[in-house]
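The values are calculated or read from the model by the stated rules, or taken from the named source; none is laboratory data. What you see is a predicted model, and the numbers here were worked out from it, not measured in a lab. Please note: Cβ atoms are built from the backbone with ideal geometry, for glycine as well, and neighbour counts cover all protein chains shown.
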Amino acid sequence: MLTRRLALGAGAVALSACSGPARSRVAIDSFAPLVKKILPAVVNIAVTETVGGDIAVPIPPALRGTPFEREFRNRFRNRREQMTGAGSGFVVDPAGIIVTNNHVVGHADRILVLFSDGTQLPAEIVGIDELTDIAVIRVVPTTRLRAVPWGDSNAMEVGDWILAAGNPFGLGGSVTAGIISARGRDIGASPFDDFLQLDAPINPGNSGGPTFNMDGEVVGVNTAIVTPTGGSVGIGFAVPSDIARRIVAELREKGRIDRGWLGVSVQDLAAGDGQVGGVAVAGLEPTGPAARAGLRQGDRVRAVNGDAVETSRGLIRAVAAVPPGGRVLLSVVRAGQDIDIAVTVGRRPTGTPG
């Protein structure tokens, strides 16, 4: 579970909307029927990662200064060590396709998926996306698995009930209830942050687990928590299903996510004092797409394909949405003059900020 510490049973309840379109009133006496429906599709994930390279091993005091000290050092020099971890996931295809977080499985040498009926199956990675922290893995089951459908995260409102499921602290399948407490959260994880904030308890080990609406549909992928203690303080974050579903589909098709890239570093500019707003080009990759197209340091980008951009994040997202090889028209202010520059975008390299 990604964490950021700072300093990074339900009774009968009537639900109704206070504004907007009328929503049906739902009496919740128990979440048990919903849990029975969804839990078979929620899995626990155990991973093993091999790390190595001059791991420091303490020398027992009894061997220090004896002829056996050198033998002990030689035995453990360059020893490779097995690190284990745990996370969660959920089945989206009965044939064996499972969604989880990249930070759960991205560096694993061995992945073992544990199902609610006690079945254990090895898994392989289909594809990962570091920027949204989504991963797709595959198992080969002997029978069709129970799967859960995607829901519409855009239809979820602040205050709506949700259930979060997963493997907190490695304890096995667990569920917690709560509400969506905010939308559109930016926690600084990547330029594409757009998290649902949840108040359902989410703890280490819940990473990659699903958040369900009251129809048993996945509306989020649990990804991060804010905690000063290491445990839940009621602030968790999930990747909305409308983002995760598209990422999962592309990972299943291609094994990777291709995003457009300009090859620039940018900074936000506020309008005022005779200056236009927009995004300033602070630097360029010498051989990048923007430099080849004629963009210059100091240019102010105001729109992409006619759509205004006011922040660096907005510019990065607009360009990333264009497939590599596609063209974008940048509306630019240079030395007080408005000009348009057409750029054929490249493929965004891993870890590139702009």
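Among the residues of the stretch 331-341, is there at least one that is among the basic types (Lys, Arg), touching a Pro at 6+ places or on another chain (Cβ under 9 Å) and either at positive phi or not assigned by TED's automatic domain parsing to the domain that holds residue 190 (or both)? Steps first, please.
Filtering the stretch 331-341 down to residues among the basic types (Lys, Arg) leaves 334.
Now drop any that are not touching a Pro at 6+ places or on another chain (Cβ under 9 Å), which leaves none.
No, the stretch 331-341 contains no residue that is among the basic types (Lys, Arg), touching a Pro at 6+ places or on another chain (Cβ under 9 Å) and either at positive phi or not assigned by TED's automatic domain parsing to the domain that holds residue 190 (or both).
If I ask for residues that are under 34 Å from the mean Cα position of the chain (by Cα) and at pLDDT below 90, which ones from the stretch 60-105 would you list?
78, 79, 80, 81, 82, 83, 84, 85, 86
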Every residue from the stretch 116-138 that is over 21 Å from the mean Cα position of the chain (by Cα) and either within 17 Å of residue 246 (Cβ to Cβ) or buried (at least 21 other Cβ atoms within 10 Å of the Cβ) (or both): none
